[in-house]
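Data first, discussion second: the structure below is written as structure tokens.
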Amino acid sequence: MTKNMREKDIPIRKKENITELAGLAKKSNTLMIVSIKNLPSSQFQAIKKKLRDNATIKVSKKSIMERAIDSIEKGTIKNFKKYLKEDQAFIFSTLNPFELSAILSRNKSMSRAKVGQFVNDEVAIEAGGTDLAPGPIISELNGLGLKFSIEDGKISIRERKVILKPGDKVSEQAASIMGKLDIKPVAVGLEPIVAYDAKEDKIFENIKIDQDKTINDLKTSSGKALAFAVKLAYACKDTISLLLAKANSHEQALDRFINVQGGN
């Protein structure tokens, strides 16, 4: 079957979708594939609304996007097809891939965990009172190893208890308890998978950017570097005041030692 014959078999609506997606890709700096798996529709629409000044989000079938990419006469973007799967959306933006990824990170929200989901961070039940009345839930608390007591007809958690570690799968018991305590441990949003940068004509993988974590890591590294520089007595504008203070402290200690020795 020739290419022209295959194109004749494509319904008009699909042809319009292909043309639209190809057009968006051609005029965008970034084409990004994001996962929308487990993302509630309400949150998807909220994120879409927030991004409308910076990006256009489209959900389309894999086959439609493949045909749209095929219609673009560029080199590297042709390799984009191997990343196409189900439960994905496509973002077209004038921003570069890393700016776009940072915005997506900032627009995540916390959600309740579903059975079978994996958690990225530690989940703990904190000590303190709850609004839960004694009943069948007691067996669930015991099952998770929680220590509790009954105070004024309500359950009170006596000790903090970690119920899930990073990478753990959410069990039915854990999901039930977290739901009853209104614990929302899962950050949901549009998860970047891969992005094509039209200016660089490059494809970037692993572009998830956690801005808060990155800033905290930089602050921690900066503090360690400063302490190390002072220890080495490396003089610069960031260390000079600390080095002078350290020298002054050593001078005072030496004076005290000399005075003590002289007194003897």
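How many of the residues making up region 233-264 are in a loop (DSSP other than H, G, I, E, B) and surrounded by 10 or more Cβ atoms within 10 Å (Cβ to Cβ)?
Taking region 233-264 as the starting set, the residues that turn out to be in a loop (DSSP other than H, G, I, E, B) are 233-239, 264.
Next, from what is left, pick out any that are surrounded by 10 or more Cβ atoms within 10 Å (Cβ to Cβ): 233-235, 238-239.
Here the count works out to 5.
Does at least one position in region 187-194 carry a residue that is over 21 Å from the mean Cα position of the chain (by Cα) and charged (D, E, K, R)?
No: region 187-194 contains no residue that is over 21 Å from the mean Cα position of the chain (by Cα) and charged (D, E, K, R).
State yes or no: is residue 58 among the basic types (Lys, Arg), touching a strand residue (DSSP E or B) at 6+ places or on another chain (Cβ under 6 Å) and over 22 Å from residue 201 (Cα atoms)?
In short, no.
Conditions first: (1) modelled with pLDDT under 90; (2) in contact with a helix residue (DSSP H, G or I) (Cβ under 9 Å, 6 or more places away or on another chain). Residue 110 passes all but one, so which condition is the exception?
Answer for residue 110: the failing condition is (2).
The values are calculated or read from the model by the stated rules, or taken from the named source; none is laboratory data. Just so we're clear, the structure is a prediction, and the values are computed from it rather than from any experiment. Cβ: placed from backbone, ideal geometry, glycine included. Neighbour counts: every protein chain shown.
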